[in-house]
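The values are calculated or read from the model by the stated rules, or taken from the named source; none is laboratory data. Note that the structure is predicted; figures quoted are calculated from it, not measured. Heads up, the Cβs are rebuilt from the backbone with ideal geometry, glycines too, and the neighbour counts pull from every protein chain shown.
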């Protein structure tokens, strides 16, 4: 009901909406209206109240509230169910719990802050309050687990495109799915999987996008390796707008992948890649190789040309880019 | 402490062990000893108590109690931590919850009964009280999820070998991991996986082995398709002995796989296969093919020769065996 009061104020914006009109429209008492207005103010909405004029929305808080994300969201299923938290350990962890309880495909988990945000290879992810998009999407593709890896590269394409359109930041993709501006990471993606051998139960794509983090707000040890939209452009952007565009992109590429397979996604991935056609070093849990990043195979593996001429297919690992 | 009293009685078997000896050995009072004896009786142990003679173990209940499984277990890590339940929805489900809370690799979950036992392809698994081995093993192999599928075939080899040695039942393996006697299923295996794209978090191998189920105890709809050790041999066997042998087999093949890869496991799998070199029909979620089961690839995929001569690699699916 609070959301419906907010909706009326937004529809009336920038004008006043009379308390009586709200009562009539929603079939609730003036006392109830007042209670919802107070709740909205508590959530950070600035609402002016003037006797005989009514209520007027002055400003919306910089929060990733479901009501904000949903309004104007151009997706068919992605983000139609949203769980928003002020603070979680990690959105992937919360998403895992929700997914195992059976929430529908397309469910979005988003938090203002992560206290234990995680990146690939067991590393942490700096996730300060209100300054980034820390979110996880629950998907249930009807594939077997061996066909799931492309989805993490698909997410990289979606984030890169949303970043370009909404913020102007041109991030490149480092295999398989880190987003870099220059040498610095602006987004990390951690995909997790629960599966039987024959099929995926659920897949969680966690994304951490550094949005309105000022350069000096990064911990010293990250300043050389991390960046943000604000650090790159000098401008703060609406996280809601960026997230909405990201969800639309993600749904577009995901639907395309379901219909046509990985090839069209991979073609776009390659266009945005900063890994290919250069010398790299690849680390896995056990080994590492230096070589020339020659191509990416149709299944998403990195094809590495080793110094001896041998070609090595790398299924998973961490790439460090060498200067030429 | 109850387990330690039991241990003393077993060591003394078939003689009496005096109450005083138990008190002294464990540093507890006679009242405490009596309390533990009562608890053991409650768990189904038949214990004779004779004044001035002491206590004597008469019989052990037909239960998969951790104390029974552990005694004489010949493994280095598998089954060293055991969770036993009288009744669970499914041991895989319980194992999943335990695994996400971080229990160590090798942990065994075993239940006398499953109320919602599950098989592959979303089917149920009949799991009546006390008549089978319904168990799940938690493993944490340091591999990426694409390398995990062989583990489900490895489990089939382990169960088949344990069945042969302990019960004399010669089960064949239907790709990838059903165990058949004739055309009837005696064991099903359901492997589940939680992973990031780069590595497996945990892998759960759930096994359902029909042991002491009488032919007429199967529901009518299963009588043509399911069998048990009892139905095949006319003899009841010790579930504890079978489970102990299974754990030892499983650890042997798992360790071999870690050290030498899938090839030696696959060689043994092929020897016990009833799928190869015969006409089959393979069903996946979306499609089905009829063809000749020619071979299994090094990654465990089934290689099917289609009527037109084309070779089809099947990564996952359900095989139905055709008569020649």
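One line per residue, one yes/no per condition, for (1) within 14 Å of another protein chain (Cβ to nearest Cβ); (2) within 30 Å of residue A:139 (Cα to Cα):
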residue: A:245; (1), (2): no, yes
residue: A:256; (1), (2): no, yes
residue: A:285; (1), (2): yes, yes
residue: A:300; (1), (2): yes, yes
residue: A:311; (1), (2): no, no
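As a summary of the residue check, residue A:175 satisfies the conditions (1) over 30 Å from residue B:123 (Cα atoms); (2) within 14 Å of chain B (Cβ to nearest Cβ); (3) within 15 Å of the chain's Cα centre (by Cα) except for the one numbered (3). When each of A:211, A:137, A:159, A:166 is tested for being within 24 Å of residue A:278 (Cα to Cα), touching a residue at least 24 places away in the same chain (Cβ under 8 Å) and away from chain B (no Cβ under 12 Å), the lone residue that passes is A:159. When only residues in the stretch A:179-188 that are in contact (Cβ under 8 Å) with a residue 60 or more places away in the chain and under 20 Å from the mean Cα position of the chain (by Cα) count, which is farthest from the other protein chains (Cβ to nearest Cβ)? Result: A:180. Scanning the stretch A:189-201 for residues that are assigned to a strand (DSSP E or B) and either farther than 13 Å from residue A:177 by Cβ or at the interface with chain B (Cβ under 7 Å from one of its Cβ atoms) (or both) yields a count of 9. So residue A:117 passes all but one of these: (1) touching a helix residue (DSSP H, G or I) at 6+ places or on another chain (Cβ under 9 Å); (2) within 14 Å of chain B (Cβ to nearest Cβ). Which condition number does it fail? Result: residue A:117 passes all but (2). Quick one: is residue A:204 modelled with pLDDT of 95 or more and more than 12 Å from chain B (Cβ to nearest Cβ)? No, not satisfied.
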